[in-house]
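One structure is given below, encoded as structure tokens.
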Amino acid sequence: MPYFVYKITPNMLLTHIETQEHYQDARATVRNLRAERAEGDDADYRMIFAKHQLEAEKLLSKPKDNRVIGED
């Protein structure tokens, strides 16, 4: 399964940048994009492992759960 690299804006607009077959290549791409982003650019760059692009976008669009570790 490939790794998909996305640019995610604060309003959750997903922009597919590229697809990589290897984790190291995708990680390097994301790190470079984060390092080169312009001042004031509040977009995030993420990679996701998925079967196809539609699944990747679905996973990235789903809000993260607030995890509770332990009991109060």
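Summary of values
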quantity: Residue identified as more than 10 Å from the chain's Cα centre (by Cα) and surrounded by 13 or more Cβ atoms within 10 Å (Cβ to Cβ) among Glu36, Glu18; calculated: Glu18
quantity: Condition met for Ala28 (over 19 Å from Lys58 (Cβ atoms) and open to solvent by 50 Å² or more (accessible area, probe 1.4 Å)); calculated: no
quantity: Subset of segment 39-60 (residues that are open to solvent by 70 Å² or more (accessible area, probe 1.4 Å) and in contact with a His (Cβ under 9 Å, 6 or more places away or on another chain)); calculated: Gln53
quantity: Pairs, first farther than 13 Å from Thr15 by Cβ in segment 29-57, second modelled with pLDDT under 95 and open to solvent by 90 Å² or more (accessible area, probe 1.4 Å), C-beta under 9 Å, six or more apart; calculated: Phe49/Met1; Ala50/Met1; Ala50/Lys58; Lys51/Met1; His52/Met1
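The values are calculated or read from the model by the stated rules, or taken from the named source; none is laboratory data. Since we're looking at a predicted model, the values are computed, not measured. Positions of Cβ are backbone-derived with ideal geometry, glycine not excepted, and every protein chain shown enters the neighbour counts. Surface areas here come from the heavy atoms of the whole protein model, side chains and all, with no ligands, DNA or RNA. Shrake-Rupley method; radii C 1.70, N 1.55, O 1.52, S 1.80 Å.
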